[in-house]
Amino acid sequence: MRKAMKVRLDPTAEQKQLLAKQFGCARFWWNRSLGLQYKTRSTQGRWLKRTELNAMLPQLKKELPWLKTDCYSQVLQATSKHLEQALKNWFEGRAKKPRFKAKSNKQSISFPQNVLVISNHRSAFPSVLKRRGVAAQIKVPKVGLIDAKFTKEIEGIIKTVTISVTPSGKYYASIGLDLGDKEVKQSTDGAITGIDLGLKDYVTCHNGTDSYSVKHPKWLKRHERNLRYQQKQLSRRKKGSSRRNKARLLVARVHEKLSNARQDFLHKLSRKITALSQVVVVENLNIKGMVKKRCDPAEVPSAPERAPRHRKLSKAIAQSGWGMFLNFLDYKLKHKGGVLVEIDRFFPSSKLCSNCGHKYQELELSEREWTCSACMKKHSRDENAAKNIRVEGMRILGLGHSPRGDDVRLGTCSEQLSVKRVPTESLS
Ligand SMILES: [Zn+2]
């Protein structure tokens, strides 16, 4: 089983320069190979394989010696691998089209091996841990020993280390760990929770007996207002001026705060839900225009067409980080041997009566409460949806029956179950 942990790094000025060189080389290689990919795609109608890209490196290093002296060779190979994955994620509808990288954005490089973690403070672990983390060092090729702060003990074997720097100048290492063959056996034996993701409340959960909902965090709006203000300031500054650079840093900092706060909220919420349930059923909301067709980028003749998106709703969805939330739920459940069930987004979870199965076709988005005309039961919209989602998940797992109407298309559920989520390592 794989796991990732993120630690803060504190490189010296000299190390920052050495890292910057490697960031630069990796960025150069990414942009060059991405350009080649798009060019090959338009002239030959195919994508280059990773091995073809890597085969160009020795010649390129002869032309550009700094690519060899400044950068650890495996960093470039890892970049080719990431590009391949990025193109694949794009085609499988999990991510946006890969873009060219700019120096002003977040920079990152991956070391697939030869990274060591050295800690001299093992004995002091529990007490120091609580206050400020444990001092340790990470040995990185071509850079040396970089000071790091650990807040958790390392479990398992280090597989890859990704070093990144945010636009505001914070350095991090994301360490991919292999926990060995400790495969947790998946079981559906336990509490089953259905979750309705909503625009009014963030989530509404139902576990068979009780329902509870969690509101959208308040800071979201505040940070977003701040972000809009800072971006406006940035747009007023003259290009290339030092005031523009300062404004850029401020924008980057708000972005960071927003993303940290969101991740914190989603981690806590998903931890709470997974602690209380063995099976979690959610709706697959097609957040990034999830495309059903899955194929190899090398074989794809053209980009699949995406469904037109509803502007206002899609913005709200993206901002609430639902895709990330489902990823967190997925890996947290996997770690405890639980199951995440994603049901078809066309399942009419809001329109079905969870009591008798009657379908209220005319339900409007503004109707928060409604009464079933068949059995006269009064429903709260989100709670009713959570109940239906839960029962539909049980039906897919073969644990019960669904009140699903006959006019709903069937046969997509097994496909939905096997939808692969983005690996957790790529989150950090
Ligand atoms: Zn009813």
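What's the total number of residues in the stretch 216-253 that are in contact (Cβ under 8 Å) with a residue 24 or more places away in the chain and open to solvent by 100 Å² or more (accessible area, probe 1.4 Å)?
Here the count works out to 1.
Might you let me know whether the stretch 177-191 holds any residue that is open to solvent by 20 Å² or more (accessible area, probe 1.4 Å), hydroxyl-bearing (Ser, Thr, Tyr) and touching a residue at least 12 places away in the same chain (Cβ under 8 Å)?
Within the stretch 177-191, one or more residues are open to solvent by 20 Å² or more (accessible area, probe 1.4 Å), hydroxyl-bearing (Ser, Thr, Tyr) and touching a residue at least 12 places away in the same chain (Cβ under 8 Å).
For the stretch 384-400, enumerate the residues that are charged (D, E, K, R) and either within 14 Å of the ligand (Cβ to nearest atom) or open to solvent by 60 Å² or more (accessible area, probe 1.4 Å) (or both).
LYS387, ARG395, listed by residue number.
State the number of residues belonging to the stretch 144-167 that are assigned to a loop (DSSP other than H, G, I, E, B) and among the hydroxyl-bearing types (Ser, Thr, Tyr).
Summing the residues that are assigned to a loop (DSSP other than H, G, I, E, B) and among the hydroxyl-bearing types (Ser, Thr, Tyr) in the stretch 144-167 gives 2.
Yes/no matrix, rows are residues, columns are (1) in a helix (DSSP H, G or I); (2) open to solvent by 40 Å² or more (accessible area, probe 1.4 Å); (3) assigned by TED's automatic domain parsing to the domain that holds GLN107:
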{"site": "THR43", "(1), (2), (3)": "yes, yes, yes"}
{"site": "TRP47", "(1), (2), (3)": "no, no, yes"}
{"site": "THR51", "(1), (2), (3)": "yes, yes, yes"}
{"site": "LEU60", "(1), (2), (3)": "yes, no, yes"}
{"site": "LYS68", "(1), (2), (3)": "yes, yes, yes"}
{"site": "LEU76", "(1), (2), (3)": "yes, no, yes"}
{"site": "LYS81", "(1), (2), (3)": "yes, yes, yes"}
{"site": "GLN85", "(1), (2), (3)": "yes, yes, yes"}
{"site": "LYS88", "(1), (2), (3)": "yes, yes, yes"}
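Can you tell me how many residues in the stretch 345-380 are surrounded by 20 or more Cβ atoms within 10 Å (Cβ to Cβ) and more than 14 Å from the ligand (Cβ to nearest atom)?
Count: 2.
How many residues, within the stretch 332-382, are farther than 30 Å from LYS268 by Cβ and under 25 Å from the mean Cα position of the chain (by Cα)?
Of the residues in that region, 1 qualify.
Filter the stretch 62-84 for residues that are among the polar types (S, T, N, Q) and touching a residue at least 24 places away in the same chain (Cβ under 8 Å) and give the result.
GLN74, GLN77, THR79, SER80, listed by residue number.
Across the stretch 135-155, which residue is most open to solvent (accessible area, probe 1.4 Å) among those that are under 27 Å from the mean Cα position of the chain (by Cα) and not aliphatic (A, V, I, L, M)?
It comes out as LYS152.
Is the stretch 198-215 home to any residue that is in a helix (DSSP H, G or I), hydrophobic (A, V, I, L, M, F, W, C), in contact (Cβ under 8 Å) with a residue 24 or more places away in the chain and open to solvent by 30 Å² or more (accessible area, probe 1.4 Å)?
no
Taking GLY194 as the residue in question, decide whether it is closer than 18 Å to LEU326 by Cβ and in contact (Cβ under 8 Å) with a residue 40 or more places away in the chain.
yes
The values are calculated or read from the model by the stated rules, or taken from the named source; none is laboratory data. Keep in mind that what you see is a predicted model, and the values were worked out from it rather than measured. Here Cβ is always computed from backbone atoms with ideal geometry, including for glycine, and neighbour counts include all displayed protein chains. Just the protein is used for accessible areas: all its heavy atoms, side chains included, with ligands, DNA and RNA removed. Shrake-Rupley method; radii C 1.70, N 1.55, O 1.52, S 1.80 Å.
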